[in-house]
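Here's the structure, in structure tokens; my notes come after.
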Amino acid sequence: MNNPMWRDGWLLSICFGRVFAYANFMVYAACLPILREKWTMSATQAGTVASGYMLGYTASLVAFSWLAERFGPRRIFVLSAVASVVTAIAFGFFARDYTSGLMLYTLAALTQGGNYTPAIMLMAERYKPENRGSAVGWLIASTSIGYAFSLAVSGLLLAWGGYPLAFIGTGLLPSLGAVILSTALRRVPNTIYERKGELRPAAALWKDANARRLVAGYTWHCWELLGMWPWAPAFLAASLALSGTASVQAAEIASYLTATMHIVGAVASSTMGHLSDVLGRRTVLLALAAAGGLLSLTLGWLVQWPVPILMGLILIYGFVAIGDSPVLSTALTETVAPSYLGSALAIRSLLGFGAGAISPTVFGFVLDLAGRSENGAAAVWGPAFMVLAIGGFGATWYAWRFRPTTPTITE
């Protein structure tokens, strides 16, 4: 497996299938500026829909990670892809107000976790440590491309037929992803590892300092990243509206601009995973987390800056905020044994995506609170983004404390 990643047909098939599997992931964020008016939602309510999705996705990641460890990652990967088709279609056709949107978006999230952690387990099985960072980077890059694809399609359909058409269109596309993934995984061995020891997964993670630091760093990374994603289109739409752009047009343009951010995120995942193979995991983690924290601290205060300059900053923000994701995942596969990896990913997902489920609501709460002042848009968005800086600097602290060694959580 020493060929360049772009020549690996199997990896490209998995990545391509995942792009379609995540086609409905960002449709709510793309439509949020319109939905707040159509569904008469406060910023806090809008945040609860995003948080509901993240809570459902968290539960899904935990469940599918646990199932993959016991029944094999290939089998669970396919199961998740097929189940996601059903729930994506249900959301697309039946989410038409705050209550139905909250329930069906959360239901959609409950089926999608098997597209992520079992895939990481398959990467750990298939690729050696010297190029595993690159492989995991490509995997996570496909997630970012899927988000960008979701935003781009959502923006286009939003302009043509409003949010119902965007919901339906993005709800149908995961079926194509399920077909591609099922075909690519058909001949992949479904490996189940037996544990030789009696140590429980949580105790194994707690026992190893590096594993604890990686899980804690991932938790803070998710607080920042998953808090930023659902609010980035609304932030850009607000900036465009301040420049005189009409609300629907601002939402459409913001979706395209945010899609560009996710394309840059895909470049970040693929390149930073490879860079960590060369420079080491800790160096890359530390640089990216610190840069993300600084941008979270300052970005919201710049909402009234010219949109081209603001967009340049957001592209850098999107790059550094997700660039450490494949590095954190790869480092964890090198710290724990395969028989514990599913459980380790489950615990990490519970903490990380649990934090990521809370942060959009906290962001929205601060936005509502700051919106009562009369000090201008910067005084509204600035404090909200500072909430995310807590995650960036938390991830920096644990990256600093991480000390790569030989794996200590073994069979």
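The values are calculated or read from the model by the stated rules, or taken from the named source; none is laboratory data. Remember, it's a predicted structure, so these values are computed and weren't measured experimentally. Cβ coordinates were reconstructed from backbone atoms using ideal geometry, including for glycine residues, and neighbour counts include every protein chain displayed.
Points to keep in mind about this one:
- Qualifying positions in the range 316-339 - touching a strand residue (DSSP E or B) at 6+ places or on another chain (Cβ under 8 Å) and either crowded, with 24+ Cβ neighbours inside 10 Å or free of Cβ contacts under 8 Å to residues at least 60 places away in the same chain (or both): 335, 336
- Considering the range 60-83, and only residues there that are of a type in the set (S, T, N, Q) and within 21 Å of residue 188 (Cα to Cα), the residue that is modelled with the highest pLDDT turns out to be 80.
- Verdict on residue 286 being at pLDDT below 90 and part of a helix (DSSP H, G or I): no
- Set side by side, the residues 78, 86 differ, and just one is assigned to a helix (DSSP H, G or I), free of Cβ contacts under 8 Å to residues at least 40 places away in the same chain and at negative phi, which is 86.
- Summed over the range 120-147, the residues that are small (Gly, Ala, Ser) and farther than 19 Å from residue 265 by Cα give a count of 1.
- Residue selected from the range 27-52 under the condition outside any loop (DSSP other than H, G, I, E, B) and of a type in the set (Ser, Thr, Tyr), by the criterion surrounded by the fewest Cβ atoms within 10 Å (Cβ to Cβ): 44
- Across the range 326-349, the qualifying residues are those that are more than 24 Å from residue 266 (Cα to Cα) and assigned to a helix (DSSP H, G or I), and the one among them that is modelled with the highest pLDDT is 347.
- Pairs, first closer than 13 Å to residue 351 by Cβ and surrounded by 22 or more Cβ atoms within 10 Å (Cβ to Cβ) in the range 53-67, second of a type in the set (Phe, Trp, Tyr) and modelled with pLDDT of 85 or more, C-beta under 8 Å, six or more apart: 61/116
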